[in-house]
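Here's the structure, in structure tokens; my notes come after.
The values are calculated or read from the model by the stated rules, or taken from the named source; none is laboratory data. Keep in mind that this is a model prediction, so the values were computed, not measured. Note: ideal-geometry Cβ built from the backbone for every residue, glycine included; neighbour counts use all protein chains shown.
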Amino acid sequence: MAARRAALQVAVVLLAMALCAGGIGASPGCRKHVRRVTDYGADLEDWPLIAALPSYGRGRDEPGPRYSNFIGGSNLTDVTISGYNGTINGQGQVWWDKFHAKQLDYTRGYLLELLYSRDIIISNVTFVDAPSWNLHPTYCTNVTISGVTILAPVHSPNTDGIDPDSSSHVKIEDCYIVSGDDCIAVKSGWDEYGIKFNMPSQHIVVRRLTCISPTSAMIALGSEMSGGIQDVRVEDNTAIDTESAVRIKSGVGRGGFVRDVFVRRLSLHTMKWVFWMTGNYGQHPDNSSDPKALPEVTGINYRDVFAENVTMAGRMEGIPNDPYTGICMSNITAQLAPKAKKLQWNCTDVQGVASGVSPEPCPELGAEGKPCTFPEEELVIGPPELPKCTY
């Protein structure tokens, strides 16, 4: 059996209460077929520690290592996790309670994390109540996530839906996410660790997503983006009662870049901000972040966006002496909520053009532009059709 080739096939049928002691692990050469996982609770002694990710340098919640993930694998090829909408339940409440009570010495594990793997399919599965992030493909290539449902209470801590991290050729489509954090967050490492690891997230497609997240974004780019994010294509997505649509998060010390982002055909219902860019995201792994490591944010395109019941159209904040540039907006309509802000745009350290935008944008985006671009060629990701489970 080749050392670098493995298959993980988790056919989820009757996963009713899924939190097994120490998580489900996968390694090269293993094949798993899971029909039912027993609930053992979140006794910390049942959960071994694993190393921090090299592009993060430490756990995301706390310094040092982190608790093992519920389902994890590394150096795999041909990974399929599928089922007839079977449920994987992370029993997150006990972890959230311990997190809020500051009873955890290490970072909570993720519901599913695959590392250094390729040719991954996750389809027709429901993920419920993750301790922290739900799906975390990291250092992966050729990932398809389709027809997935992710559910968590809207005030649960850090329950991101899908977080592609330093991964390439990722397709997320036809998913439904209710989350206490960003429904999707594209990442690529944290400050000096991400800069050193130097693996961007790129060639990413997100389409036909439905998101509900009152305190966070439908799609976030960052804030951990120190390895770079580029060629992200977002289309035909719906957000309901969500804080913002496609948010860019970075800050001094991050380095890296966010560039060549293309967004079109969004339907947004009840939003705090339609457009939100943040250049002062201040969380750092330690005191070694380089204040000279400034991110490059450029080539951000939004077109054909309709939003209703909006509090504020845009909060666009770049970085002093490091502005966000190349922003394009076209054919944008934001219908205001009854108690909308009087000031609809707040723009600092950003540069761009706009056409057909209502309410009228800020002067920094006031130059009349052409319709914003969207790549015509299709990215080739995953198999031509998803495989069917056999039992």
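Looking at 192, 235, just one residue is at pLDDT 95 or above and part of a helix (DSSP H, G or I), and that residue is 192.
Residue selection: residue 356 satisfies the criterion of being without any contact (Cβ under 8 Å) to a residue 60 or more places away in the chain and either farther than 30 Å from residue 56 by Cβ or among the basic types (Lys, Arg) (or both). Residues that are farther than 21 Å from residue 369 by Cα, without any contact (Cβ under 8 Å) to a residue 24 or more places away in the chain, more than 23 Å from the chain's Cα centre (by Cα) and surrounded by fewer than 21 Cβ atoms within 10 Å (Cβ to Cβ) do occur in segment 289-296, at least one of them. Within segment 44-98, being closer than 25 Å to residue 193 by Cα and not in a loop (DSSP other than H, G, I, E, B) holds for 49, 50, 66, 67, 71, 72, 73, 74.
Would segment 204-220 turn up any residue that is more than 16 Å from the chain's Cα centre (by Cα), surrounded by 24 or more Cβ atoms within 10 Å (Cβ to Cβ) and modelled with pLDDT of 95 or more? No - not one qualifying residue is present in segment 204-220. Of the candidates 158, 134, 85, 142, the single residue that is of a type in the set (S, T, N, Q), touching a Phe, Trp or Tyr at 6+ places or on another chain (Cβ under 7 Å) and in contact (Cβ under 8 Å) with a residue 60 or more places away in the chain is 158. Checked against the criterion of being surrounded by 20 or more Cβ atoms within 10 Å (Cβ to Cβ), at pLDDT 95 or above and either more than 22 Å from the chain's Cα centre (by Cα) or not aromatic (Phe, Trp, Tyr) (or both), the candidates 301, 346, 331, 280 yield just one match: 301. Residues that are free of Cβ contacts under 8 Å to residues at least 60 places away in the same chain and more than 15 Å from residue 115 (Cβ to Cβ) within segment 45-58 comprise 45, 46, 48, 49, listed in sequence order.
Applying the criterion of being more than 13 Å from the chain's Cα centre (by Cα) and buried (at least 24 other Cβ atoms within 10 Å of the Cβ) to the residues of segment 176-199, the residue that is nearest to residue 61 (Cα to Cα) is 190. If you go through segment 366-387 and keep only what is under 16 Å from residue 351 (Cα atoms) and either modelled with pLDDT of 95 or more or in a loop (DSSP other than H, G, I, E, B) (or both), you end up with 366, 369, 370, 372.
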